[in-house]
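Report on the structure given below.
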Amino acid sequence: MGKKNVKSAKYAKQAKQRRAAAARHAAVFSEILRGDRERAATVIGSGPRASSSTPWSDFIDAHPTVADAVAVAEGAGGVISCFSVDDSGEFERSLRREPDGWRYEVVLYPWISLRDLVKACWLNAEDRDQAVEQLRRALAADVPEELRHPEVETVVRTSTSQVPRIGWAQSLSSEGLVTWEDVALAEKGMSLFGLAPYACETEVLSEARFALFREHGLIAQACAGCGAAVSERHPHWPGVLVAMDHEYGPVCDRSLLEGESWQQVGHVLDVARARPASKATGTERKTRCRHCEREITDQHPDWPGIWSTVDRYRSPICAVVGSGGSEDQVYDLIDCVYPHAAVDEDCPVDSAVTRARDIGYYAPALRLG
């Protein structure tokens, strides 16, 4: 593709898939509102994963009215939430008990490139508790002037993992909200949704965006080869520059530079270090990966000390995340591919792979070459 941004094309494809899924979700929602459960099931069945429902449809099934949801929230610490995918991004809808009464809240979270920057900055931080507040302030300051509204605030919400969940929120009184159709109509008047295109950034982020996060005390690093936000402190890849990407991870596509290669090379912080892929000598020691069973070596010149396959693609990636798990898990896990692990050595990522397999969040990589 030359200098064409490969990641932008991939993100655009993902966004299209998300919109298609959201269209099905909206259709299901409409049928449920009309009370036609059988038709809703038919709509669900028309999608690629016929047996699956959506988090929002499940939520409505479990709580037919707003009052039903509030009753459950009363016994659950004063809050009940549903994390879901919309046609424009990642949202969390909640009913919360506040001093002035029950409120309906919508939180919009950073997605794709911007979410990757948030996660990379958090991983890079020496004090991650402090980084959460720094990220909250950076996201508030990063909103374009014309999209700022006093009723929209930047908040930290409960995460399902160690990764913080930070986004923009708007709430309104739940008084008068009886049905979920009432809720849908109320959402149309919320200015928060104007932020959605900005939050779902599909292009490589500008240097000005990285600089703004650095101004808030964060370590915001961009790969010179592809522009992705990177960290050397990813738990699966200690000491390796990794992007928070669920397909590429430690691999740079060099989309900002000339000289792309079918061999996989690493991220770099300096263009001067973005050398072409190297060739193996054929004398490297080899073993098998305990997870994918491919032949691997830790002596390839492009990946010294890191297990890489010895086929023509020289890949350090063992597996990519699968499509299993709920949207909640997909958002909060540190999206990244997994490294190879030699059959005769302990690997710090083994427990992560085991957990990923348990929740259906793991798919073996394609055998190439």
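Name the residue, out of V343, V337, that is at pLDDT 80 or above, touching a strand residue (DSSP E or B) at 6+ places or on another chain (Cβ under 8 Å) and surrounded by fewer than 19 Cβ atoms within 10 Å (Cβ to Cβ). Steps first, please.
Numbers: V337 fails: surrounded by fewer than 19 Cβ atoms within 10 Å (Cβ to Cβ).
It is V343.
Of the residues examined, W122 is one that is of a type in the set (F, W, Y), modelled with pLDDT of 95 or more and on the phi < 0 side of the Ramachandran plot. Restricted to the stretch 274-290, and to residues there that are in a loop (DSSP other than H, G, I, E, B) and hydrophobic (A, V, I, L, M, F, W, C), the residue that is farthest from V353 (Cα to Cα) is A274. Among the candidates P144, P150, P99, the residue that is more than 27 Å from A69 (Cα to Cα) and either out of contact with any helix residue (DSSP H, G or I) (no Cβ under 7 Å at 6 or more places or on another chain) or not assigned by TED's automatic domain parsing to the domain that holds S84 (or both) is uniquely P150.
Matching residues to (1) farther than 21 Å from V337 by Cα; (2) of a type outside the set (S, T, Y); (3) crowded, with 17+ Cβ neighbours inside 10 Å; (4) at pLDDT 95 or above:
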| position | (1), (2), (3), (4) |
| --- | --- |
| A199 | yes, yes, yes, no |
| Y248 | no, no, yes, no |
| C252 | no, yes, yes, no |
| S255 | no, no, yes, no |
| G266 | no, yes, yes, no |
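The residues of the stretch 89-120 that are more than 15 Å from V156 (Cα to Cα) and over 14 Å from the mean Cα position of the chain (by Cα), listed by number, are L95, R97, E98, P99, D100, G101, W102, R103, Y104.
Quick check on E284: is it surrounded by fewer than 18 Cβ atoms within 10 Å (Cβ to Cβ) and more than 30 Å from V143 (Cα to Cα)? Don't jump to the end; show me each part of the working.
Values: surrounded by fewer than 18 Cβ atoms within 10 Å (Cβ to Cβ): yes; more than 30 Å from V143 (Cα to Cα): yes.
When the stated conditions are applied, E284 passes them.
Being in a loop (DSSP other than H, G, I, E, B), among the small types (G, A, S) and surrounded by fewer than 17 Cβ atoms within 10 Å (Cβ to Cβ) is the requirement here; does G194 meet it? No. Residues that are in contact with a strand residue (DSSP E or B) (Cβ under 7 Å, 6 or more places away or on another chain) and farther than 12 Å from H216 by Cβ were ranked within the stretch 118-153; the one that is surrounded by the most Cβ atoms within 10 Å (Cβ to Cβ) is A120.
Among residues of the stretch 53-70 that are in contact (Cβ under 8 Å) with a residue 40 or more places away in the chain, none has a beta-carbon under 6 Å from a residue that is among the basic types (K, R) at least six positions away or on a different chain.
All of (1) of a type in the set (K, R); (2) surrounded by fewer than 16 Cβ atoms within 10 Å (Cβ to Cβ); (3) in contact with a helix residue (DSSP H, G or I) (Cβ under 6 Å, 6 or more places away or on another chain) hold for R214 with one exception: (3).
Residue check: V240 meets all listed conditions (1) surrounded by 22 or more Cβ atoms within 10 Å (Cβ to Cβ); (2) closer than 20 Å to Q162 by Cβ but one, namely (1). Quick one: how many residues across the stretch 215-264 are at positive phi and touching a residue at least 12 places away in the same chain (Cβ under 8 Å)? Looking only at that region, the number is 5.
Scanning for something aliphatic (A, V, I, L, M) and modelled with pLDDT of 90 or more, does the stretch 293-304 turn up at least one residue? Even if it seems obvious, please write down each step before you answer.
To start, the set of residues in the stretch 293-304 that are aliphatic (A, V, I, L, M) comprises 296.
Next cut, modelled with pLDDT of 90 or more only: 296.
Within the stretch 293-304, one or more residues are aliphatic (A, V, I, L, M) and modelled with pLDDT of 90 or more.
Is it the case that the stretch 318-329 has a residue that's crowded, with 19+ Cβ neighbours inside 10 Å, modelled with pLDDT of 85 or more and not hydroxyl-bearing (S, T, Y)? Yes, there is a match, as at least one residue in the stretch 318-329 is crowded, with 19+ Cβ neighbours inside 10 Å, modelled with pLDDT of 85 or more and not hydroxyl-bearing (S, T, Y).
The values are calculated or read from the model by the stated rules, or taken from the named source; none is laboratory data. What you see is a predicted model; the values in this text were computed from it and never measured. Here Cβ is always computed from backbone atoms with ideal geometry, including for glycine, and neighbour counts include all displayed protein chains.
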